[in-house]
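Reviewing the structure listed below.
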Amino acid sequence: MAVERDDLVQNPSSAWVRVTSFEGAPGMVDQAMQLAAEQLVPLLRSSEGWQRTLGLRSHDGRQGLVLSFWEDHAALLGSEATTTVVRQRAASAGLDADVERLELVFDEQ
C-alpha cells in the first residue's frame, strides 16, 4: 500500500520518545510492565510535556518496551528523574533495562 507524502506529518513539533526496553524471564518482564503501568504512568501523567505512554511485550514474554511520548526535548529531559527510579527497581528485580531517547520524525494516524 503506497503512502502519500501528504498523509504523513513531518517533524511534528519536534516531539521526543523515550524507549525503555526490558529483557528477562517472562514473569520478570510481566512484573516490569506492571510496575510501569501502576507506578510510572501515574507519575509521568503529571509531568509537564507528557503526551502518552505505551507498553509493549513480545509474544514469548521475554522482552518488553515502554514508550513515553513528550512534546519536546526539554520535557523529555525534565522527566528523567522519575523514570530512573523505575529502571532501578527493574534492575534490582534482575531485569536488564536499556534506554534510548529518539526524536519523532513522522507520525501517521
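The values are calculated or read from the model by the stated rules, or taken from the named source; none is laboratory data. All values reported here derive from a predicted model rather than from experimental measurement. Cβ: placed from backbone, ideal geometry, glycine included. Neighbour counts: every protein chain shown.
Odds and ends about this structure:
- Condition check for R52 on (1) within 21 Å of Q88 (Cβ to Cβ); (2) in a strand (DSSP E or B): one failure, at (1).
- Count of segment 23-56 residues which are β-branched (V, I, T) and over 13 Å from S68 (Cα atoms): 1
- One residue stands out in segment 69-83 among those that are assigned to a helix (DSSP H, G or I) and not hydroxyl-bearing (S, T, Y): the one that is farthest from G24 (Cα to Cα), namely A74.
- The residues listed here are V99, V66, V86; of these, the one that is in a helix (DSSP H, G or I), surrounded by 13 or more Cβ atoms within 10 Å (Cβ to Cβ), in contact (Cβ under 8 Å) with a residue 12 or more places away in the chain and not polar (S, T, N, Q) is V86.
- You will find that of L67, L77, the residue that is aliphatic (A, V, I, L, M) and at pLDDT 95 or above is L67 and no other.
- Exactly one residue among S79, S46 is hydroxyl-bearing (S, T, Y) and touching a strand residue (DSSP E or B) at 6+ places or on another chain (Cβ under 9 Å), and that residue is S79.
- Odd one out for A91, checked against (1) farther than 28 Å from S14 by Cα; (2) touching a residue at least 24 places away in the same chain (Cβ under 8 Å); (3) among the hydrophobic types (A, V, I, L, M, F, W, C); (4) surrounded by fewer than 16 Cβ atoms within 10 Å (Cβ to Cβ): (2)
Yes or no, residue by residue, for (1) at pLDDT 55 or above; (2) charged (D, E, K, R); (3) out of contact with any Lys or Arg (no Cβ under 7 Å at 6 or more places or on another chain):
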| residue | (1), (2), (3) |
| --- | --- |
| V3 | no, no, yes |
| V9 | no, no, yes |
| S13 | yes, no, yes |
| S21 | yes, no, yes |
| M28 | yes, no, yes |
| Q31 | yes, no, yes |
| E38 | yes, yes, yes |
